[in-house]
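Undergrad: Sharing a structure here in structure tokens format.
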Amino acid sequence: MKRVTRRQAISRVSAVGAIIGAGVIGGIGGYLTGATTGGQIRTVTETVGGATITQTRVITQTLAGAADFAKGLRFTYITHGGEENVFWNSVHLGMQEAAKLTGADAVMIRPKREGDLAQEVAAFESTIAEKPDGIIVPIAYTELLTYVKKATDAGIPVIVANIDAPNPEDRIKAGGLSYIGQYLEPAGYFLAKTLSKYFPRGSHALILIEGPGQVWAEERAKGIQRFLKEYDCTFDRLDVSFDLAVVESRVSAYLEANPQTKAVFSVGYTSPIAGKVLKSKGVPPGQVAIGTFDIVPLVIEWINEGYLQVAIDQQPYLQGFLPVIQLILMKKYGLSAWDVNTGNAVVDKSNVSLVEELSRKGYR
């Protein structure tokens with residue numbers, strides 16, 4: 001029997017998953033139109049591989065009208081993602097396309113400054129007063145659970161996306177109906193473990209924290225730290241932001257003072273800046289291993305440069321698209337929400353060309 005490598009197995013599973021996913025989304029698209037023919041029953045005989053097969057099929061024909069299915073429904077997505085955080089462009093695109101497909105009205109509220117809790121709370125309170133048909137929100141801070149409960153008590157369904165509460169039971173108690181996003185602490189562990197083949201056990205590592213104190217950043221950092229401890233590594237945390245000039249300045253100073261550093265991680269997408277710093281100092285690719293999250297243009301660039309070895313994709317488009325679809329199905333048919341793990345897809349030099357164009361278009 002021919003042996004199948006782990007990479008081949010994952011590729012095959014991913015391909016099957018893509019086919020199933022396409023079928024589900026395609027099915028939702030047809031389902032949401034609410035405008036199909038009654039369904040004609042036909043007996044079809046065909047030859048497949050030399051064998052004659054007779055099947056009974058129900059043939060449905062989708063008609064125009066998808067954009068009227070959820071007309072009149074209003075949804076608000078309240079996020080912590082500041083205007084400089086390009087990751088949220090893909091989430092916004094997913095939300096927009098779900099609304100366009102169905103005729104719903106969906107708006108995303110973003111603070112000017114990343115992680116501005118006061119601005120997010122103000123947006124949450126005003127949204128509750130407006131009584132939309134549903135709210136989508138990441139739990140960037142546990143304080144937001146109070147407002148999830150307020151919305152639920154006001155009869156507004158809430159779906160949590162992108163960031164779950166550190167203890168999912170707290171989200172459930174507050175009334176959050178489902179979580180659509182990456183499982184953050186395990187994702188941090190997975191990133192560190194995946195990158196570990198590029199640096200030796202017992203090394204020193206740097207972890208960049210773009211959102212210090214925010215749930216998503218701290219949970220991913222916990223996962224990275226958990227693996228580094230198992231791998232007998234020392235490490236430092238360095239608070240930065242999504243301002244790339246700030247990241248470059250702080251990383252440059254750190255690496256100058258700590259030349260023993262063999263790995264750089266970020267809990268967001270900014271660690272490729274370490275590659276820029278190393279290149280400017282004449283350090284060749286591979287001397288310092290670099291791992292990050294999310295498939296933004298900066299990440300693509302430095303994978304191609306050879307300085308960034310591993311990126312983990314959480315498929316943000318789904319974090320915008322699926323919450324809108326779930327809320328519509330709840331409002332139209334009383335269906336329950338369901339959790340979705342949007343995944344830990346590894347992107348590296350071997351497959352970056354497959355996602356590069358999709359990243360530019362905002363789908364990855």
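The values are calculated or read from the model by the stated rules, or taken from the named source; none is laboratory data. All values derive from a computational prediction rather than experimental measurement. Cβ: placed from backbone, ideal geometry, glycine included. Neighbour counts: every protein chain shown.
Undergrad: Quick test of your reading of the structure: TYR269 fulfils all but one of (1) out of contact with any strand residue (DSSP E or B) (no Cβ under 8 Å at 6 or more places or on another chain); (2) in a loop (DSSP other than H, G, I, E, B). Name the failing condition by number.
TA: Evaluating TYR269 over (1) out of contact with any strand residue (DSSP E or B) (no Cβ under 8 Å at 6 or more places or on another chain); (2) in a loop (DSSP other than H, G, I, E, B) leaves (1) as the failure.
Undergrad: Please give the strands (runs of 3 or more DSSP E) falling wholly within the stretch 46-134 in which 2 or more residues are at pLDDT below 95, touching a strand residue (DSSP E or B) at 6+ places or on another chain (Cβ under 8 Å) and surrounded by fewer than 19 Cβ atoms within 10 Å (Cβ to Cβ).
TA: 51-59
Undergrad: Hey, TYR183 hits all of (1) touching a residue at least 60 places away in the same chain (Cβ under 8 Å); (2) surrounded by 23 or more Cβ atoms within 10 Å (Cβ to Cβ) but one; which does it fall short on?
TA: The number of the failed condition is (2).
To keep it simple, each residue is scored yes or no on (1) in contact (Cβ under 8 Å) with a residue 60 or more places away in the chain; (2) within 18 Å of ILE163 (Cα to Cα); (3) in a helix (DSSP H, G or I).
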site: GLY202; (1), (2), (3): no, no, no
site: LEU206; (1), (2), (3): yes, no, no
site: LYS222; (1), (2), (3): no, yes, yes
site: ALA245; (1), (2), (3): no, no, yes
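Undergrad: Filter the stretch 330-351 down to the residues that are more than 17 Å from the chain's Cα centre (by Cα) and crowded, with 17+ Cβ neighbours inside 10 Å, then identify the one that is nearest to GLY306 (Cα to Cα).
TA: That would be ALA337.
Undergrad: While we're here: Does ILE28 satisfy being out of contact with any His (no Cβ under 9 Å at 6 or more places or on another chain) and at pLDDT below 90?
TA: Yes; evaluated as a whole, the condition is true for this residue.
Undergrad: Has the stretch 214-222 got any residue that is basic (Lys, Arg) and under 16 Å from the mean Cα position of the chain (by Cα)?
TA: yes
Undergrad: Which residues, counting only those in the stretch 163-213, are more than 16 Å from the chain's Cα centre (by Cα), among the polar types (S, T, N, Q) and outside the structural domain of GLY291 (by TED's automatic domain parsing)?
TA: If the condition is that a residue be more than 16 Å from the chain's Cα centre (by Cα), among the polar types (S, T, N, Q) and outside the structural domain of GLY291 (by TED's automatic domain parsing), then ASN167 is the only one that fits.
Undergrad: When you scan the stretch 258-273, do you find a residue that is free of Cβ contacts under 8 Å to residues at least 24 places away in the same chain, over 27 Å from ASN162 (Cα atoms) and assigned by TED's automatic domain parsing to the domain that holds HIS204, even just one?
TA: yes
Undergrad: Here are the criteria: (1) buried (at least 16 other Cβ atoms within 10 Å of the Cβ); (2) at pLDDT 95 or above; (3) touching a helix residue (DSSP H, G or I) at 6+ places or on another chain (Cβ under 8 Å). Tell me which single one GLN326 does not satisfy.
TA: All conditions are met except number (3).
Undergrad: Please determine, by comparing only the residues of the stretch 322-358 that are out of contact with any strand residue (DSSP E or B) (no Cβ under 9 Å at 6 or more places or on another chain) and among the small types (Gly, Ala, Ser), which one is farthest from TRP88 (Cα to Cα).
TA: Going through the qualifying residues, I end up with GLY334.
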